[in-house]
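Below is one structure, written out as structure tokens; comments come after it.
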Amino acid sequence: MKDADEGEYRIAHLRDRLAGDEVAELGVRIEMRGGAVLLSGTVPTAARRDEILRIAGEELGGAPVRADLVVVCADAPDRSEELR
């Protein structure tokens, strides 16, 4: 990004957009790291991760984006656990 103020503005706007009705995702951390924007945290599905990355690309104006978004499934297990 061209300067720190513009970067912080874009990051704040991205946070607002992710928290809004479109995605409603509050568990993603967003920070500047060495000229790139780092997105980290957990998301419920791969589709949600892809949507977050799409929105980040739109909001950050071509700035490099690094993603450390882990997909964590919270569904009930489909089989019983074997204990030995």
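If a residue must be of a type outside the set (A, V, I, L, M) and more than 15 Å from the chain's Cα centre (by Cα), how many such residues does the stretch 1-20 contain?
Of the residues in the stretch 1-20, 7 are of a type outside the set (A, V, I, L, M) and more than 15 Å from the chain's Cα centre (by Cα).
Can you run down the residue pairs with Cβ atoms below 7 Å, 6 or more apart or on separate chains, where the first is in the stretch 63-84 and farther than 30 Å from A4 by Cβ and the partner is assigned to a loop (DSSP other than H, G, I, E, B)?
Close Cβ pairs (under 7 Å, with a partner that is assigned to a loop (DSSP other than H, G, I, E, B)) amount to V71/T45; V72/P44; A74/P44.
Kindly provide the set of residues from the stretch 37-84 that are β-branched (V, I, T), part of a strand (DSSP E or B) and either crowded, with 16+ Cβ neighbours inside 10 Å or touching a Cys at 6+ places or on another chain (Cβ under 9 Å) (or both), ordered by number.
Result: V37, V43, V65.
I'd like the full set of residues that are within 25 Å of C73 (Cα to Cα), touching a helix residue (DSSP H, G or I) at 6+ places or on another chain (Cβ under 7 Å) and in a strand (DSSP E or B), limited to the stretch 1-36.
Answer for the stretch 1-36, where residues must be within 25 Å of C73 (Cα to Cα), touching a helix residue (DSSP H, G or I) at 6+ places or on another chain (Cβ under 7 Å) and in a strand (DSSP E or B): V28, I30.
If I go through the stretch 7-57 residue by residue, how many of them are among the charged types (D, E, K, R), free of Cβ contacts under 8 Å to residues at least 24 places away in the same chain and under 21 Å from V71 (Cβ atoms)?
6
I'm told D3 meets every condition in (1) surrounded by fewer than 14 Cβ atoms within 10 Å (Cβ to Cβ); (2) modelled with pLDDT of 90 or more except one. Can you identify the failing condition by its number?
(2)
The values are calculated or read from the model by the stated rules, or taken from the named source; none is laboratory data. Just so you know, these numbers come straight off a predicted model, no measurement behind them. Quick reminder, even Gly has a Cβ in these numbers, built from the backbone with ideal geometry, and neighbours come from all protein chains shown.
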